[in-house]
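Here the structure comes first, spelled out in structure tokens, and everything after it is commentary.
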Amino acid sequence: MANNLLQLRIDEKLKQEATEIYSQLGLDLPTAIRIFLTRSVQMKGIPFSMQLPDKEYMAYEAIQAMKRMSDEAQKAGIANMTLEEINAEINAVRSQQQ
């Protein structure tokens, strides 16, 4: 298959930041762009969501984090601890550290 040259103009700072990110992932910028284009063809569109975040986006993330912590507490069997029990646990750990 013949290769074609693709040229585009982008902000230098954007290029540097993207290059650093892809480098950490073990990719160079041209490879990352080829991955994006390949995925675009597979998806027959932009390969990621292009929705504006809700105004409550940060609140949504916080709620999701709380749900994850609640699930972990359930798994660990400590979900029903009282405030006094929690404080006692904290104080016990602090006293062991000193």
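Rounded to the nearest 10 degrees, the inclination of helix 29-43 to the longest alpha-carbon principal axis of the chain is 90 degrees. Angle between the Cα long axis of helix 12-24 and the longest principal axis of the chain, 0 to 90 degrees, nearest 10? The helix 12-24 is inclined about 60 degrees to the chain. Put a plus charge on the Cβ of each Lys and Arg, a minus charge on the Cβ of each Asp and Glu, and nothing anywhere else: the dipole of the chain about its Cα centre is then about 560 debye. The C-alpha atoms of the chain define a longest principal axis, and helix 57-76 lies at about 50 degrees to it. Modelled this way, with points 7 Å down the Cα-to-C-beta line, the labels at residue 73 and residue 91 are 2.0 nm from one another. Nonpolar atom fraction for the chain, defined as the carbon and sulfur part of the 1.4 Å probe accessible area, stands at 56 percent. Applying Stokes-Einstein at 20 °C and 1.002 mPa s to the Kirkwood radius of the chain, computed over alpha-carbon pairs, gives a translational diffusion coefficient of 112 µm² s⁻¹.
The values are calculated or read from the model by the stated rules, or taken from the named source; none is laboratory data. These figures come from a predicted structure and were not determined experimentally. Heads up, the Cβs are rebuilt from the backbone with ideal geometry, glycines too, and the neighbour counts pull from every protein chain shown. These accessible areas exclude ligands, DNA and RNA; they are computed on the full protein's heavy atoms, side chains included. Shrake-Rupley method; radii C 1.70, N 1.55, O 1.52, S 1.80 Å.
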